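The values are calculated or read from the model by the stated rules, or taken from the named source; none is laboratory data. Predicted model only: the values in this text are computed from it and were never measured. Because the Cβ atoms are built from the backbone with ideal geometry, glycine has one as well, and the counts that use them run over all protein chains shown. SASA here: full protein model, heavy atoms, side chains in, ligands and nucleic acids out. Shrake-Rupley method; radii C 1.70, N 1.55, O 1.52, S 1.80 Å.
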Amino acid sequence: MSGREWSSPEAGQVLKQYSVPDWPLLATYLISEASAQKSSRWCNYISALPRQPYSLLYWTRAELDRYLEASQIRQRAIERVTDVIGTYNDLRLRIFSKYPDIFPEEVFNMETFRWSFGILFSRLVRLPSMDGKVALVPWADMLNHSCEVETFLDYDKSSQGVVFTTDRAYQPGEQVFISYGKKSNGELLLSYGFVPKEGTNPSDLVELPLSLKKSDRCYKEKLEALKKHGLSASQCYPIQITGWPLELMAYAYLAVSPPSMSKQFDEIAAAASNKSTIKKDLRYPDIEEKALQFILDSCESSISKQVALWIWM
């Protein structure tokens, strides 16, 4: 992004001089162009953007703790808020305070950065044909997400523009949808500030924690096998509406396997790791029922802990 693309060329030149990374650069550019109002070539687009995006960046720490207490995205949400605050403070100390005439505090402050990052998180588009580069695509970024479509925005080299092809026919006046990606409800809330209607997202998942029992006679041997393949005594695996990964089943097999299977501990532990290329579709009919019961018990334990948290709140 060259200085001439800014309504305030000096701002672009200063940020280039300091080699500001893409995300904070785009956030600062958006604030700068918004402050330029009608003199910005993006005036019509920016005026159509929400003044307060649906974003977790606007949640207080108390709200994050309360409403995401039983959610697996709580820590990521807290980190995201912390990162945005840290990014602003870094720019303020390193750059803005040194060039107050170019970056006045009444324009470039924590509130405007919360707004600009909220816009970026909810509207930046990743373009596969441009090696995954991200971009704000005016107007096209106002298309809503649907879990039922597969189409997405991409750069078309022949027309030198961003296009998308629908995967079904639409009637005149009917709302057109795109896919924001195969994301869980938590990921959609984290980036876009919404969750689909319950039961409509086939990509939704929960992380199920599994743990070896320390009372297991082979606890030490099993733990050594897990560590060899980059795992620990406690692991989390995703469970979706459509099922669970083969690695989860392998971990369950290991958790319930008797001492007589000690020679197979390494093979099973390898299958439980997503970093391993070993065959993962292992079958041990003699202990399969115990493995499934182990998974069920782990689910019930996880649910009971969340229910306890909800009651406490």
Which numbered condition Phe96 misses (of (1) within 14 Å of Leu136 (Cβ to Cβ); (2) of a type in the set (A, V, I, L, M, F, W, C); (3) over 23 Å from the mean Cα position of the chain (by Cα); (4) at pLDDT 95 or above): (1)
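Just to be sure before I move on: is Ser191 in contact with a Lys or Arg (Cβ under 6 Å, 6 or more places away or on another chain), under 30 Å from Trp59 (Cα atoms), surrounded by 13 or more Cβ atoms within 10 Å (Cβ to Cβ) and of a type in the set (S, T, N, Q) in the structure I sent?
Working: in contact with a Lys or Arg (Cβ under 6 Å, 6 or more places away or on another chain): no; under 30 Å from Trp59 (Cα atoms): yes; surrounded by 13 or more Cβ atoms within 10 Å (Cβ to Cβ): yes; of a type in the set (S, T, N, Q): yes.
In short, no.
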Selected residue (criterion: nearest to Leu231 (Cα to Cα)) from residues of the stretch 297-313 that are open to solvent by less than 90 Å² (accessible area, probe 1.4 Å), at pLDDT below 85 and part of a helix (DSSP H, G or I): Ser302
All-but-one check, Asp65 against (1) within 22 Å of Arg94 (Cβ to Cβ); (2) charged (D, E, K, R); (3) open to solvent by 20 Å² or more (accessible area, probe 1.4 Å), failing number (1)
What is the number of the single condition among (1) under 21 Å from Phe194 (Cβ atoms); (2) among the acidic types (Asp, Glu); (3) open to solvent by 50 Å² or more (accessible area, probe 1.4 Å); (4) assigned to a helix (DSSP H, G or I) that Glu10 does not meet? (1)
Evaluate the following for Thr166: is it part of a loop (DSSP other than H, G, I, E, B), among the hydroxyl-bearing types (Ser, Thr, Tyr) and open to solvent by less than 20 Å² (accessible area, probe 1.4 Å)? no
Can you pull out the residues in the stretch 167-182 that are farther than 14 Å from Cys147 by Cα and either modelled with pLDDT under 90 or small (Gly, Ala, Ser) (or both)? Ala169, Gly173
Members of the stretch 263-296 found to be farther than 18 Å from Ile239 by Cβ and surrounded by fewer than 12 Cβ atoms within 10 Å (Cβ to Cβ), listed by number: Lys263, Lys275, Thr277, Lys279, Arg283, Pro285, Asp286, Glu289
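So, in the stretch 186-226, how many residues would count as being polar (S, T, N, Q) and within 27 Å of Arg80 (Cα to Cα)?
Taking the stretch 186-226 as the starting set, the residues that turn out to be polar (S, T, N, Q) are 191, 200-201, 203, 211, 215.
The next check asks that each one be within 27 Å of Arg80 (Cα to Cα); those that pass are 191, 200-201, 203.
The total comes to 4.
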Residue count, the stretch 68-102, condition loosely packed, with under 14 Cβ neighbours inside 10 Å, free of Cβ contacts under 8 Å to residues at least 24 places away in the same chain and assigned to a loop (DSSP other than H, G, I, E, B), comes to 2
Hey, any hits in the stretch 229-243 for a residue that's surrounded by 14 or more Cβ atoms within 10 Å (Cβ to Cβ), over 16 Å from Ala271 (Cβ atoms) and of a type in the set (S, T, N, Q)? yes
Test each condition in (1) under 21 Å from the mean Cα position of the chain (by Cα); (2) surrounded by fewer than 17 Cβ atoms within 10 Å (Cβ to Cβ); (3) on the phi < 0 side of the Ramachandran plot; (4) not small (Gly, Ala, Ser) for Ile119 and report the one that comes out false. (2)
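Among the listed residues Leu25, Leu57, identify the single one that is within 16 Å of Ile102 (Cβ to Cβ), under 22 Å from the mean Cα position of the chain (by Cα) and not assigned by the TED database to the domain that holds Ala140. Break it down into steps so the answer makes sense when it comes.
Details: Leu57 fails: within 16 Å of Ile102 (Cβ to Cβ).
After ruling out the rest, the residue left standing is Leu25.
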Selection from the stretch 13-43 of residues assigned to a helix (DSSP H, G or I), open to solvent by 20 Å² or more (accessible area, probe 1.4 Å) and more than 22 Å from Phe121 (Cβ to Cβ) yields Gln13, Lys16, Gln17, Ala36, Gln37, Lys38, Ser39, Cys43
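Sort out which residues of the stretch 169-200 are acidic (Asp, Glu) and not in a loop (DSSP other than H, G, I, E, B), and write them in order of number. Steps first, please.
Of the residues in the stretch 169-200, the ones acidic (Asp, Glu) are 174, 187, 198.
If the condition is that a residue be acidic (Asp, Glu) and not in a loop (DSSP other than H, G, I, E, B), then Glu187 is the only one that fits.
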